[in-house]
């Protein structure tokens, strides 16, 4: 009987304590999966409303809701696993009170090494609450220690990191605490600025007339008008040189569409000036100036 006592104890532990532990862990996994599924459905619904809507670009409210849904999902899953760990400790009869002192020492030790993580989480909290940028925004980020800014479309914003995809299809992950400045290229509205360099001998009044007609034609074009908030404007002479004069044209566009509009305007300007016999310098400069929001 003494020989089988350990076996009985093992069976008893498995049928009681082990079963409770298994139920708690499995329940935690199921709840976490459900929260993740629910969060995914919510974000999909937000995206579906955007894709089937009349707007050509994601609204600021939709961007914010998408980011908040992702963060809430992440926080709820974290809380679920914290509760699971506490329940496991309780089932194993490990006194949580006795773990306070070691946990304090361990927390202090980890605190020195986790300062950057805390900094990332705090920065992410303010990025989301202040709506600096969100899912679907085109942003340019200045990062500590990086020689070049990171630019791309935001794919995910959490409390700790920001994930973005650049024009080459590369995914860039940036810790939120390392972001020095964030330039949002698709906030509310954007502006495409085209500088047209022409020889100084050309009649500027004629150039202005040609560019003004380009603005009218661009705004009446169905495919281009839906990207414009109002008719493009000829601002006049921007630079004076010995052999060259630069005339500026400005177009206010929907957020994120300034690049497409700028390319379309360059094509129209080149075609219109060539028809009128106006020689445009080969290095036509196009700038994209946006409503910038900096952190």
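The values are calculated or read from the model by the stated rules, or taken from the named source; none is laboratory data. Please read these numbers as outputs of a predicted model, since none were measured by experiment. Using ideal geometry, Cβ is built from the backbone for each residue, glycine included, and neighbour counts are taken over all protein chains shown.
If residue 186 meets every condition in (1) under 28 Å from residue 264 (Cβ atoms); (2) surrounded by fewer than 20 Cβ atoms within 10 Å (Cβ to Cβ); (3) modelled with pLDDT under 85 apart from one, which number is that one?
All conditions are met except number (2).
Of everything in the range 209-227, what is in contact with a strand residue (DSSP E or B) (Cβ under 6 Å, 6 or more places away or on another chain), surrounded by 16 or more Cβ atoms within 10 Å (Cβ to Cβ) and at pLDDT 90 or above? Give them in sequence order.
Result: 211, single match.
State which residue is farthest from residue 188 (Cα to Cα) when the search covers only the range 218-260 and only residues that are in contact with a helix residue (DSSP H, G or I) (Cβ under 7 Å, 6 or more places away or on another chain) and not in a strand (DSSP E or B).
218
Can you tell me which residue in the range 228-266 is surrounded by the fewest Cβ atoms within 10 Å (Cβ to Cβ), limited to those that are farther than 13 Å from residue 195 by Cα and free of Cβ contacts under 8 Å to residues at least 24 places away in the same chain?
This residue is 230.
Considering only residues that are out of contact with any strand residue (DSSP E or B) (no Cβ under 7 Å at 6 or more places or on another chain) and without any contact (Cβ under 8 Å) to a residue 24 or more places away in the chain, which ones fall in the range 171-193? It would help to see each step written out before you state the result.
Applying the first criterion (out of contact with any strand residue (DSSP E or B) (no Cβ under 7 Å at 6 or more places or on another chain)) to the range 171-193 yields 177, 187-188.
Result: no residue meets the conditions.
So, in the range 150-169, how many residues would count as being over 30 Å from residue 270 (Cα atoms), assigned to a loop (DSSP other than H, G, I, E, B) and touching a residue at least 12 places away in the same chain (Cβ under 8 Å)?
3
Restricting to the range 118-144, count the residues that are in a loop (DSSP other than H, G, I, E, B), modelled with pLDDT under 85 and over 10 Å from the mean Cα position of the chain (by Cα).
The first filter runs over the range 118-144 and keeps only residues in a loop (DSSP other than H, G, I, E, B), leaving 130-137, 144.
Those left that are additionally modelled with pLDDT under 85: 130-131, 134-137.
With the extra rule that they be over 10 Å from the mean Cα position of the chain (by Cα), the set shrinks to 130-131.
The total comes to 2.
List pairs: first residue in the range 196-212 and in the same structural domain as residue 247 (by TED's automatic domain parsing), second residue surrounded by 14 or more Cβ atoms within 10 Å (Cβ to Cβ) and in a helix (DSSP H, G or I) anywhere in the structure, Cβ distance under 7 angstrom, at least six positions apart or on different chains.
Pairs that qualify, where the first residue is in the same structural domain as residue 247 (by TED's automatic domain parsing) and the partner is surrounded by 14 or more Cβ atoms within 10 Å (Cβ to Cβ) and in a helix (DSSP H, G or I), are 196/211; 196/269; 198/207; 210/272; 210/273; 211/269.
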